[in-house]
Amino acid sequence: MKTIKVIIAGGGTGGHIFPAIAVANAIKKIYSPVEILFVGAKGKMEMEKVPQAGYNIEGIDIAGFNRSQLWKNWSLPYKLILSFMQVKKIFNSFRPDAVFGVGGYSSYPVLRYAQKQHIPNFLHEANSFAGKANIMLAKNATTVMVATKGMEKFFPTSKIIQTGNPVRSEINGLNVSMENAFEYFGLKKGLPTVLIMGGSLGAKSINQAISAGLSRLIDNGIQVIWQTGKGNLNLVDPALRNNKMACITEFISKMDYAYTAADLVVSRAGAIAIAEICATGKASILVPYPLAAEDHQTANAMTLAKEGAAILIKDAHVTKQLTDTILSLINDKEKIKSIGLAATKLFTTDADTCIAEEIINSLKES
């Protein structure tokens with residue numbers, strides 16, 4: 001059989017990287033022989049996480065649009081031109097048969113170059129509100145794969161396939177015992193436990209709210225697993241870092257253990273974070289990041305909230321409401337169960353396989 005070469009582009013956060021790796025793994029299961037090369041942004045976490053998963057990655061000089069500090073965008077035109085030159089060099093060396101973009105600003109120059117070279121190219125839109133880069137790329141894309149219904153308002157209807165959002169294999173069907181999960185975090189099985197995370201890079205407002213309310217949670221017999229994000233441990237009172245009721249860390253490498261232990265999850269509303277919450281059937285409190293492009297995190301959270309599959313707290317209200325909401329919810333076992341079941345119904349179990357099959361089958365037909 002002919003060796004197929006696939007470039008997977010995107011990154012910046014775990015929400016882009018881990019689904020991309022899941023799709024790469026699915027492609028390898030479906031078709032052999034295949035060569036897969038990742039392309040990401042230099043200095044971002046994909047440059048570490050992708051090699052750890054066993055794949056090669058090339059970095060390009062690209063940055064996203066800074067919405068909070070507009071003056072920092074002065075170098076974007078130069079970086080975009082430079083990135084296209086780097087992408088051209090990568091393509092000439094690797095010669096891909098197909099290109100798949102998972103989002104993140106590093107995906108745009110890669111997909112755009114593939115389109116100019118008439119190479120089959122595939123987009124995945126994880127959010128309920130499409131990003132501008134994907135909207136621009138969709139016109140010349142081979143296929144646009146989406147997570148949710150109603151995306152015809154953003155993309156050509158004839159190109160849309162609803163696949164859901166891929167999640168890490170270890171989370172798609174948890175296979176960790178409660179005993180091992182609690183032992184891993186040094187916590188006690190049987191006590192109500194909340195998992196708090198703001199994504200791999202952390203969430204300032206959530207961190208501040210939990211820092212202020214952590215003592216109350218502990219005093220009420222609630223255990224806490226808290227991923228602060230890189231460089232944010234200094235927000236936590238040193239006296240509480242070693243409390244036996246809390247495990248506080250910058251990054252959780254074994255998220256399947258964390259979800260297994262948790263009764264309730266507090267999270268930003270990124271599409272992949274939501275997909276993982278739904279995959280594990282957990283009740284959640286979602287705090288959308290207000291500066292996300294097109295406010296897509298609010299759209300994501302509203303999709304769940306309307307179905308009774310999550311509780312939404314606006315970022316502006318998180319300091320006043322988060323601790324009280326956790327306290328009122330975590331001991332209400334019936335409500336926890338109801339929210340978790342509703343979340344489970346919104347998850348597509350085989351998204352990674354659907355995406356991989358679409359890419360491979362399109363190449364076979366061409």
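The values are calculated or read from the model by the stated rules, or taken from the named source; none is laboratory data. None of these values were measured; they are calculated from a predicted model. Reconstructed Cβ throughout: ideal geometry from the backbone, glycine too, with neighbour counts over all protein chains shown.
Go over the candidates L346, L304, L341, L312 one by one and state the one that is out of contact with any Ser or Thr (no Cβ under 9 Å at 6 or more places or on another chain) and either more than 24 Å from F18 (Cβ to Cβ) or not acidic (D, E) (or both).
After applying the criteria, what remains is L341.
Of all residues in region 85-121, which are closer than 21 Å to F18 by Cα, among the hydroxyl-bearing types (S, T, Y) and in a helix (DSSP H, G or I)? Break it down into steps so the answer makes sense when it comes.
Looking only at region 85-121, we keep the residues that are closer than 21 Å to F18 by Cα, and these are 98-111, 121.
With the extra rule that they be among the hydroxyl-bearing types (S, T, Y), the set shrinks to 105-108.
Those that are closer than 21 Å to F18 by Cα, among the hydroxyl-bearing types (S, T, Y) and in a helix (DSSP H, G or I): S107, Y108.
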In region 45-62, residue modelled with the lowest pLDDT [restricted to those that are out of contact with any strand residue (DSSP E or B) (no Cβ under 8 Å at 6 or more places or on another chain) and not charged (D, E, K, R)]: M45
Region 200-228, residues that are in contact with a strand residue (DSSP E or B) (Cβ under 8 Å, 6 or more places away or on another chain) and on the phi > 0 side of the Ramachandran plot: G202
Answer residue from region 294-317, given it is in contact (Cβ under 8 Å) with a residue 60 or more places away in the chain and touching a helix residue (DSSP H, G or I) at 6+ places or on another chain (Cβ under 6 Å) and is surrounded by the most Cβ atoms within 10 Å (Cβ to Cβ) among those: N300
Condition check for G40: outside the structural domain of F251 (by TED's automatic domain parsing), of a type in the set (G, A, S) and more than 19 Å from I359 (Cβ to Cβ): no
Selection count, region 252-291, where residues are under 13 Å from the mean Cα position of the chain (by Cα), of a type in the set (G, A, S) and assigned to a loop (DSSP other than H, G, I, E, B): 2
Where a residue in region 318-342 is touching a residue at least 60 places away in the same chain (Cβ under 8 Å) and its partner, wherever it lies, is of a type in the set (D, E, K, R) and outside any helix (DSSP H, G or I), with Cβ under 8 Å and at least six apart: I330/D263; I336/D263
Where V167 falls short, out of the listed (1) surrounded by fewer than 23 Cβ atoms within 10 Å (Cβ to Cβ); (2) closer than 22 Å to E358 by Cβ: (1)
Hey, I161 closer than 30 Å to C354 by Cβ, in contact (Cβ under 8 Å) with a residue 12 or more places away in the chain, in a loop (DSSP other than H, G, I, E, B) and not assigned by TED's automatic domain parsing to the domain that holds S253 or not: no
Within region 328-342, considering residues that are aliphatic (A, V, I, L, M) and crowded, with 17+ Cβ neighbours inside 10 Å, the one nearest to V194 (Cα to Cα): I330
Matching residues, region 11-20, being within 11 Å of V50 (Cβ to Cβ) and in contact with a Pro (Cβ under 9 Å, 6 or more places away or on another chain): F18, A20
First in region 24-48 and closer than 19 Å to F84 by Cβ and surrounded by 19 or more Cβ atoms within 10 Å (Cβ to Cβ), second anywhere and modelled with pLDDT under 95 and of a type in the set (D, E), Cβ under 6 Å, 6 or more apart: G40/E46
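Which is modelled with pLDDT under 95, surrounded by 13 or more Cβ atoms within 10 Å (Cβ to Cβ) and more than 17 Å from the chain's Cα centre (by Cα), of L240, L217?
Working: L217 fails: modelled with pLDDT under 95.
After applying the criteria, what remains is L240.
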Residue within region 137-156 that is in contact with a Leu (Cβ under 9 Å, 6 or more places away or on another chain), assigned to a helix (DSSP H, G or I), without any contact (Cβ under 8 Å) to a residue 24 or more places away in the chain and not aromatic (F, W, Y) present: yes
Filtered residue count, region 292-306, keeping only those that are closer than 21 Å to N207 by Cβ, part of a helix (DSSP H, G or I) and among the aliphatic types (A, V, I, L, M): 1
Cross-chain or 6+ apart pairs with Cβ under 6 Å, region 77-104 first and under 21 Å from I27 (Cα atoms) and surrounded by 14 or more Cβ atoms within 10 Å (Cβ to Cβ), then of a type in the set (K, R) and at pLDDT 95 or above: P96/K5; D97/K5
Filtered residue count, region 106-120, keeping only those that are of a type in the set (S, T, Y) and without any contact (Cβ under 8 Å) to a residue 12 or more places away in the chain: 0
Which numbered condition L174 fails, given (1) closer than 21 Å to N361 by Cα; (2) touching a residue at least 60 places away in the same chain (Cβ under 8 Å): (1)
